[in-house]
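Working notes, structure below.
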Amino acid sequence: MTKWFVDTGWRHVVGLAALVFALFPIIFVISASLNPAGTLTASNALFSEVSLENYRDLFRSPVYPYADWFLNTLFVASVTAAAQVFVACLSAYAFSRFRFAGRRVGLLALLLIQMFPQILAAIAVFLLVFEIGQLFPGIGLGTTIGLILVYMGGALGVSTFLIKGFFDTIPRELDEAMKVDGAGHARVFFTMVLPLSAPVLAVVVLLAFITTLNEFLIASILLTAPESQTLAVGLYQLVSSQLNANWGFFAAGALLGSIPPVLLFQWLQKYIVSGLTAGSVK
């Protein structure tokens, strides 16, 4: 037994400790969401009280439209992920397959822009969206379309780099074979390159969806009406505007908000490892 523990047994102990460390916050949030007392101190004894009262009240509150927050977040995250992947694929294909003046400068510019923290651009983004809203109210302040456009531009550089690295692994001989048969760049891109790039596309979709779902700063600046806010902003207001905040309410809302990314991860997990490794080493 001693020899087994020295060779491999200690790994099981470390793995179990890491599992407990990772699962404890989740278990605590689940316990707090099921506790009708609404305080975190009352949830120290895990599952001392179990009730679905917080979940029922979450959708019945006349002040906090949780259902609207949830649907707005799903809409913004889904549209942002799909549009961001499509635009990033187009730019990545251009950087990967074409040689043109300014190509290296463009790649470096995309990389450098991503190094600046998001908070530095908050004021500039607010003023930009405000001025655009004066001309086109449909994409100005308080609109989800304006927020989606800002999200698309914010993470386009990382997505382009990741997808370009994967496109570089696809042999150019496949492009040449299709061009010999009379195919143009559009047919090569849509019928050959995109289907072969399913792993990295799944990774980019997952990263874009989770990033948009968790983003708070830009959404809190651009979205003003309570019914148009995203889940992160709404849940923050749920506890920040009350003297005695109901944290059980907050935990229930946060737990429900975590279900979509978990389901998406389970659906795309077979692509994640291959997509990250193939796109990150180029």
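The values are calculated or read from the model by the stated rules, or taken from the named source; none is laboratory data. Just so we're clear, the structure is a prediction, and the values are computed from it rather than from any experiment. Glycine gets a Cβ as well: all are built from the backbone with ideal geometry, and neighbour counts include every protein chain shown.
Some values worked out for this structure:
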{"read-out": "Meets criteria (touching a residue at least 24 places away in the same chain (Cβ under 8 Å) and small (Gly, Ala, Ser)) for ALA219", "value": "yes"}
{"read-out": "Inter-residue pairs, beta-carbon under 7 Å, first surrounded by fewer than 19 Cβ atoms within 10 Å (Cβ to Cβ) and in segment 232-255, second modelled with pLDDT under 85 and assigned to a helix (DSSP H, G or I), 6+ apart", "value": "VAL239/TRP247; ALA245/VAL239"}
{"read-out": "Set VAL20, VAL105, VAL87, VAL14: member being of a type in the set (A, V, I, L, M) and touching a residue at least 60 places away in the same chain (Cβ under 8 Å)", "value": "VAL87"}
{"read-out": "Pair list, Cβ < 6 Å and 6+ apart or interchain, from segment 178-193 residues that are closer than 15 Å to PHE98 by Cα to residues that are hydroxyl-bearing (Ser, Thr, Tyr)", "value": "PHE189/TYR93"}
{"read-out": "Enumeration of residues in segment 56-67 that are surrounded by 17 or more Cβ atoms within 10 Å (Cβ to Cβ) and out of contact with any Phe, Trp or Tyr (no Cβ under 8 Å at 6 or more places or on another chain)", "value": "TYR64, PRO65"}
{"read-out": "Helices (runs of 4 or more DSSP H) wholly inside segment 125-184 containing at least 2 residues that are in the same structural domain as LEU213 (by TED's automatic domain parsing) and surrounded by fewer than 16 Cβ atoms within 10 Å (Cβ to Cβ)", "value": "144-154, 172-180"}
{"read-out": "Unique residue being among the aromatic types (Phe, Trp, Tyr), outside any helix (DSSP H, G or I) and loosely packed, with under 13 Cβ neighbours inside 10 Å when the list is PHE100, PHE24", "value": "PHE100"}
{"read-out": "Extreme residue, farthest from VAL233 (Cα to Cα), among residues of segment 103-152 that are within 19 Å of the chain's Cα centre (by Cα) and polar (S, T, N, Q)", "value": "GLN114"}
{"read-out": "Number of the condition not met by GLY182 [criteria: (1) under 18 Å from the mean Cα position of the chain (by Cα); (2) at pLDDT 80 or above]", "value": "(1)"}
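Quick grid of which residues meet (1) assigned to a loop (DSSP other than H, G, I, E, B); (2) modelled with pLDDT under 80; (3) loosely packed, with under 14 Cβ neighbours inside 10 Å:
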position	(1), (2), (3)
THR191	no, no, yes
PRO199	no, no, no
GLU227	no, yes, yes
GLN266	no, no, yes
